[in-house]
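The values are calculated or read from the model by the stated rules, or taken from the named source; none is laboratory data. Not measured: the values here are computed from a predicted model. For neighbour counting, all protein chains shown are included, and Cβ atoms are generated from backbone atoms with ideal geometry for every residue, glycine included.
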Amino acid sequence: MNLPQAKSEKGAAAVLRIKNITKIFGGLTALEDVSFEVKDGSITGVIGPNGAGKTTLFNIVTGLYSQTSGDVYLGDKNISFFAPETLAGMGIVRTFQNVELFSEMTVLENVMVGLHTKSKSGIISCAFKLPSQIKEEKYIKEKAMHWLEFTGLADHADIEAANLPFGKGRILEISRALAVEPQVILMDEPAAGLNSLETSQLAMLIKRIRQSGITIVLVEHDMELVMNVCDSIVVLNLGKKLAEGTPREIQENQEVIAAYLGEG
Amino acid sequence: MFKKVFGGILAMLFAGLMSGYVFAAPPIKIGALFSVSGPASFLGEPERNTAKMMVDEINKAGGVKGRQLELIVIDTQGDATKAVQGVNKLIKDDKVVAIMGPSITGDTMAVIPVVEKAGIPLVSCAAGVKITNPVKKWVFKTAQNDALAVPKIFDHMKKQKITKIAIVTVSDGFGSSGREQLVLHAKEFGIQIISDETYGPKDTDMTAQMTKIRGSEAQAIVCWGTNPGPAVVARNVKQLGITLPLYMSHGVSSKKFIDLAGDAAEGIILPSGRVIVANQLPKNDPQKKSLTNYVENYRKHYKVEGDHFGGHAWDAIMLIKEAIERGGDSPAAIRDQLEKTEKFAGIGGTFSFSPSDHAGLTSDAFVLVKIKQKDWTLVQ
Amino acid sequence: MTKEKREIIIFSIFTLAVLIIPFFLRGSYYLNVLVFIGINTLLAVALNLLLGYAGQISLGHAAFFGLGAYISGVLTTRFGLDPWLVLVIAAAASGSLAFIIGFPILKLKGHYLAMATLGLGIIMYIIFNETVAVTGGPSGLSGIPNMHLGALIFDNDMNNYYLIWIITLIVMLLSINLSQSRIGRALRAIHNSEVAARVMGVNARILKVQIFTVSALISAVAGSLYAHTMTFISPASFGFNFSVELVTMVIIGGLGSIYGSFLGAAILTVLPEFLRVLQDFDIIVYGLLLIIMTMYLPGGLINGLQKIVEFAAGKVGKRGGSGA
Amino acid sequence: MDNSRQLFQYILSGLSNGAIYALIGFGFAIIHNATGIINFAQGEFVMLGGMFTLFFVAFLNLPLIPAIILAILVSTIVGIVFERLAVRPLKNAKPLSIVIITIGASILIRGIAMLVWGKDTHAVPAFSGSNPLYIVGATIMPQHLWIFAIAVLIIIGNKIFFSYSIIGKAMRACAYNAQAASLVGIDVKTMVLFSFIISSAIGSLAGIIIAPLTMTSYDVGIMLGLKGFCAVIIGGMSSGLGTVLGGLLLGLLESLGAGYLSASYKDAIAFIILLLILFIRPEGLFKKKETERV
C-alpha cells in the first residue's frame, strides 16, 4: 500500500491500469486492445453481454492467463505475466464466477488460507511447532476470525465449506479474499445465484469493503447492483471496450443500449 | 478413536493367530516358503504341489516315526520382505522344526540371517551358489548349482571345438547368477565370451540382442533364463536365420519350453536334472526309482508332467523326512542328520552333504539333453 | 483449543500403546509383524503427505524407498560407513533427487502425473536391477549391518521395534503438526482447488515440490531402516507392485489422515495372513478392495470408523473435523 | 557391409515392435479423448484378446477366424461391464480416484485371468506360418505383416469413423466439450460407453495379432500396456497417425538403443522418452502446440 501511485490526468490515483490488452485463443480474438484505469478506493464495474471477454480480462489481470499483447500496471509497476501467487502477495486478489472454495476444509480454514501471504513459517518450523510458528498460528486464527466477523460468517466458522449454503459460499469467498488484505479485489459475478435479500446484503458488504480502503473491480450481470454500488463502469462487447463512464453516463449511452438489446 | 483402531488391529492379529492352529494331536510341523505367485511362480507352484503331494503320501503311509507331518506353506511372491515375514511366522508362530524353500536365491538370502539366528534348518530350493558358499550352519539346498551346469555345457562346446560364444542372460536372480558362472568358467575351458547380452524377464522380443549376436563372430549362443524368455530367444534366433548351435540352461528343462518354442526348440542342447529323461535312463541308475515314482505320482495328482523344479521340493521334503527318521524331530537333530546325509538318490541328483558341503551334488547331477522331435534325448 | 487438546490426547494414547505393546508380545512373531507395520506406516505417512494432503499422486514411491535402502546397503557393505551416517546420506540423496525431478514432474496433473511417476519408478527399478556391480543386481545385496547405538545392536525384533517405532512416532507427530499448520492448509487448498490456492497467494509449484521432497526423504529413511533391519535387499521389493501397495495403504486407511496411514499400513501388512486361506484368490480380493474402497468409501477406513464411532456416540450429523 | 545389414535389421525389428505399441496405444487415445480418463486397465484387454483366442482355439477347438471374432466380442463385453460397474457410477470423480479404480480393475482382471487360465505362458499359432521372410538380408515374420496391415486398417477405420459417422462425430464433440455436447442433445454417457467398447475391441485385437509373436500369459498386459501408453504420449493422444508415428519411433529407439547402447536398459529407454516428452512437450511430438496456459 506504500507503493508509489501514478496520478492520472484528473488528479486521482489510478491503482490498476489496463493498457492495450489483447488476447487471442487459437484464432479467436477474445480481447482486443482494451485499456482502462481503476482509481484507488473506487468500485469499478465491468459489464457486457456474454462472451464480451470480462472473465478473460480477470484471468489476465490475476495472472491465470497470459495476454497476447498489452500490459497491466499496479500503481507504477508493470505486473504483466506475474504468477497469481505473486500478485496475491502484491495485493491483487479475486473471487470466481463458479465459487472456488476449498470445499473439504472448514469455513475458518478457508479464510486462514487467505492469510498465507501474511505468514511465513516454513515446513520445518511448522513440523516442529517452533515458538514463532505457534505465535503466528494464533495470529492467523485471530485474524481469520476477524474477517469472518466482518462478513458475518463467524457463526459458521467450523462448518465444512462444502456444507455451506450457496449464498454464504459467495460471502466466504469474499472473506477469504479479504484475508489477503488486498489493494484490489476483483469479484467475478458475486451476485450470480443470489436471491434479492442476499444481493442487497452483498451490496452493503461491497460498500463496507470499499470504506476500509480496498479498491473493487466487479464483473456483474445484475444491473441494479452495478448501478447501485459502482463509481464508474467499463462496458465490453465482443472483446472491445465499448464505453466507460459513471453509471448515469452508461445508462444513457446509445451504443451500450444497442449492444444489450442486440443480445436480446 | 485410537482405541477402536488399535482394538481392531489387535482383534485381527488375534484372528490371524487362531487361524494358525489346527486342533489335532501334535504333528511334526514343517514349514515351506515358495513363490507360489509372482514372477517366479513357475518354480513355486510345482514345488508347493510336490511338497503337498509328498506330505500327504508320507502321512498316508503312517507318517514319520508314527507321527504325522504338517506342512505349512507360505507364499513369498518372490519378494524378500514377504519371505522374511513368512519365515518369522513359521519359526515363531508355527514353531516349525525345519523349513524348505524359498524358491529363489533372493528370498533365500533374505531369510538366511533369520534361520541362522533362530537355529532352524533350512533346505533351500534355489540354485544360487552363494546360498551354501560359504557354508552356513543351518542352510542346505537341493537345487543344482549353476556352477555344475556351466561346465557341462562348456565341456560339450570344447568337444565341438567352439571357442567364441555369445551369451544372453535374463536380468533376474537366475540369469545374473548364471552369467556370473559363465564368465567365471569360460577361461578354464579356453572359451571366449565375445558378446554378453541381457534381457528383461518380461521381454517379449529379443531380436535386437540376437541381431547384435548375429553380427558378431560367435560360434555358439548360450541363453540363461527361465520360461518364457528363452522360448522367445529360440524363436528370434530362428526368425533371424541364425544357424549357430543354441545352448540353454536347466532353467527351461520342462516340456513347457518345448511347447512355447515350438519348431524353434529343435536342436537346442541343455543341461538338466535326470527327471525329464527318467524313462531313458539305464536300469542301474541310482535315481531311476525315485524319478519314475515322482513323475508318475505327479502326473496322477496334477495331470501334468512333473518337472525338475518340483523335484527340488521332493528332495527337500524327503531329505528332511529321512533326517527326522534317523535322529528325531528337534531342529538341531534334523540339522545334524541332514549334514550326515550320504548318497541320497533324489530327483535333482545323488546328495551327500558334509560339514564343508551343504549343496551335496556333483556335476553328475546334470545330464546333457538335446531336443529332438519335440522330446528330450540324452546326449551321451 | 479443545481440538488441539484432543489431538494431544489421542497422540499420547497412541504413543503409550505403541511403547507398551511389545511387553505383551515378547518373543512372538507378531512383534516382527509390528516392525514391518512400523516401516510401512512410515512409508504410508510419507505418501499421504503428498497424495492425501497435496492431492498429487505418485505411482513410483517405491523408488525412493528403494533408493534409501540401496544407498544404505551399498555404503555400509562396500565402504563400511556407519549406518546412522548412511541413513542421513540416504535421506539427503533421495530428497535431492525428488527436489530436482519434482519441478518438471509436478507440473503434470492427474493421469499424466500418475504415468510419469510410474515411469520414474520403473526407471529406478531397472537401475537397481542392472547396476549389478554396485547393487548386486537381481540376486540382491546381503550382509548389511544392523543399526547400533553405542553397544546396543538392533539385531532382534524387540530392539528393531523400538528403533523403528520411535522414528515412526516422531515422523507421525511432525506430520500431524505440519498438517495443522499454514503449510498443511495450503497443501489441502491445492488439493481442493489449485487455482484458488494460487490466487490466495499459495505458491503451489514450490510447495508441491517441497512436500514431494519431504515425502521422498521420509521414504528413504524408511528404506534405510528396512535395509538395516532385513540385512538383505533385492530389487523385487521396490517395484511397481509395491508402489501400488503403498497407494492402497493410503487410500484404504484414509487420504489426509495420519492415523489412517497407520491403519492402512497395518491392514495391508497383515492382510496376507488372512488371504492365505484364499490362496491364489488374494490378488482378486486386492483388486476388488481397491475398486470398492475408492467407489464407496473414499474417505478410507479411518473415516468409516469415525462415522461409526460418532454414530455410536449418538452425535450423528456434525462431523468433528479432525482430519489428522 | 555387414553393419548396414545389421542396422537394417534393427530398424525392421524396431518398426515391427513399434506397430504393436501403436496398436495398443490407440485404445488409450480413444478412451482418453472421449472421457479424459487414462485407462490403466488397457493392457489387460490386450492380454484378454490373446488369452481368449487361445482359449477358443485350444480348448474349444474352434477355427482361428471364429475364435478371433469371439475373442474380440468377449473382451468387448468385459470392457462394457467394466465401464458400467466401475466408470459410470463415478460421475465427477477426481482423476486420482479414476487412476486407482482403473488400477484396481487391471489387478482384478489379471487375477481372474490367472485363476481361469493359470500362470503359465502359452504359445499361440501364427496366422500364416512361422518361417521368416527375407528383405534385403534382414528378416521379418509373416505375423509382422499382419500387424502392419491391421494397424493401417485401424487408422483408416478410425479416420472414417470419427470423421464421417454420426457416432464418431458425436464422440469427438464430447471429447472437445462434454457440457456443450450434452446441450446439443448428445448422450455423453453413451459416448463414453462407446469409447470403452471401441478401445477394448481394438485392445483385444492388438492382443490377438501380437500373441503369436510375444506368446501370452495372464500378466503380459502390464508391460505392453505401458509401452502402448508411451507411444500414445509421444503421439500426443491422437487416435490416428500421431500414435502410429509415436509407436514406430518408440520401437525404433528401443531397438537401436538395445542394439548399440545396452539391451539391459531397453525398457528404461522407453520410460526416459516418456518422461522427457511429458516434461518438455506434453502435447506430444506431432501436435501443434496449444496457446493455453491454464
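Tabulated results
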| read-out | value |
| --- | --- |
| Filtered residue count, the stretch D:210-241, keeping only those that are closer than 19 Å to D:Ile107 by Cβ, at the interface with chain B (Cβ under 9 Å from one of its Cβ atoms) and part of a helix (DSSP H, G or I) | 3 |
| Filter pass, B:Glu197 being of a type in the set (D, E, K, R) and either more than 7 Å from chain D (Cβ to nearest Cβ) or within 23 Å of D:His144 (Cα to Cα) (or both) | no |
| Helices (runs of 4 or more DSSP H) within the stretch C:191-285 that include 2 or more residues within 14 Å of chain A (Cβ to nearest Cβ) | C:194-199, C:204-230 |
| From the options A:Tyr73, A:Tyr65, residue that is aromatic (Phe, Trp, Tyr) and surrounded by 20 or more Cβ atoms within 10 Å (Cβ to Cβ) | A:Tyr65 |
| Odd one out for B:Glu45, checked against (1) farther than 24 Å from B:Glu296 by Cβ; (2) within 12 Å of chain C (Cβ to nearest Cβ); (3) at pLDDT 85 or above | (1) |
| Among (1) within 22 Å of the chain's Cα centre (by Cα); (2) within 13 Å of chain C (Cβ to nearest Cβ); (3) in a loop (DSSP other than H, G, I, E, B), the one test that A:Phe81 misses | (2) |
| Criterion: more than 27 Å from C:Phe14 (Cα to Cα), touching a Gly at 6+ places or on another chain (Cβ under 8 Å) and either of a type outside the set (S, T, N, Q) or modelled with pLDDT under 95 (or both) - qualifying residue of C:Ile183, C:Ile233, C:Ile127 | C:Ile233 |
| Filtered residues of the stretch C:282-319 (kept if modelled with pLDDT of 75 or more and more than 27 Å from A:Ala161 (Cα to Cα)) | C:Ile283, C:Ile284, C:Val285, C:Tyr286, C:Gly287, C:Leu288, C:Leu289, C:Leu290, C:Ile291 |
| So D:Ala93, is it within 14 Å of chain C (Cβ to nearest Cβ) and small (Gly, Ala, Ser) | yes |
| Residue among A:Val72, A:Val15, A:Val38, A:Val34 that is in contact with a helix residue (DSSP H, G or I) (Cβ under 6 Å, 6 or more places away or on another chain), away from chain C (no Cβ under 14 Å) and either modelled with pLDDT under 90 or in a strand (DSSP E or B) (or both) | A:Val72 |
| Number of positions in the stretch B:259-284 that are surrounded by 16 or more Cβ atoms within 10 Å (Cβ to Cβ) and either over 26 Å from B:Lys158 (Cα atoms) or touching a Ser or Thr at 6+ places or on another chain (Cβ under 9 Å) (or both) | 14 |
| Residues of the stretch C:165-187 satisfying the condition of being in contact with a helix residue (DSSP H, G or I) (Cβ under 6 Å, 6 or more places away or on another chain) and not in a helix (DSSP H, G or I) | C:Ser181 |
| Candidates A:Ala88, A:Ala52, filtered to the one that is assigned to a loop (DSSP other than H, G, I, E, B) and either touching a residue at least 60 places away in the same chain (Cβ under 8 Å) or more than 10 Å from chain C (Cβ to nearest Cβ) (or both) | A:Ala52 |
| Selection from the stretch C:19-33 of residues that are facing another protein chain (nearest Cβ under 9 Å) and in a helix (DSSP H, G or I) | C:Ile21, C:Tyr29, C:Tyr30, C:Leu31, C:Asn32, C:Val33 |
| Which listed residue is facing chain C (nearest Cβ under 9 Å), in contact (Cβ under 8 Å) with a residue 12 or more places away in the chain, surrounded by fewer than 21 Cβ atoms within 10 Å (Cβ to Cβ) and under 21 Å from B:Ser363 (Cα atoms), from B:Lys158, B:Lys130 | B:Lys130 |
| Hits in the stretch B:86-103 - residues which are modelled with pLDDT of 90 or more and not charged (D, E, K, R) | B:Gly86, B:Val87, B:Asn88, B:Leu90, B:Ile91, B:Val96, B:Val97, B:Ala98, B:Ile99, B:Met100, B:Pro102, B:Ser103 |
| Hits in the stretch B:346-366 - residues which are at pLDDT 90 or above and not in a loop (DSSP other than H, G, I, E, B) | B:Thr350, B:Phe351, B:Ser354, B:Asp357 |
| Residue selected from the stretch D:274-285 under the condition over 18 Å from the mean Cα position of the chain (by Cα) and farther than 14 Å from C:Phe103 by Cα, by the criterion modelled with the highest pLDDT | D:Ile277 |
| Residue match in the stretch B:206-215 (condition: buried (at least 24 other Cβ atoms within 10 Å of the Cβ), within 14 Å of chain D (Cβ to nearest Cβ), under 26 Å from the mean Cα position of the chain (by Cα) and of a type in the set (Gly, Ala, Ser)) | no |
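This table checks each residue for (1) touching a Gly at 6+ places or on another chain (Cβ under 9 Å); (2) without any contact (Cβ under 8 Å) to a residue 60 or more places away in the chain.
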| site | (1), (2) |
| --- | --- |
| C:Glu7 | no, no |
| C:Ile10 | no, no |
| C:Leu16 | no, yes |
| C:Phe24 | no, yes |
| C:Ile39 | yes, no |
| C:Gly60 | yes, no |
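Let's see how each residue does on (1) among the charged types (D, E, K, R); (2) surrounded by 13 or more Cβ atoms within 10 Å (Cβ to Cβ); (3) at the interface with chain C (Cβ under 8 Å from one of its Cβ atoms):
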| residue | (1), (2), (3) |
| --- | --- |
| D:Val74 | no, yes, no |
| D:Glu83 | yes, yes, no |
| D:Ile98 | no, yes, yes |
| D:Ile107 | no, yes, yes |
| D:Arg110 | yes, yes, yes |
| D:Trp117 | no, yes, no |
| D:His122 | no, yes, no |
| D:Leu133 | no, yes, no |
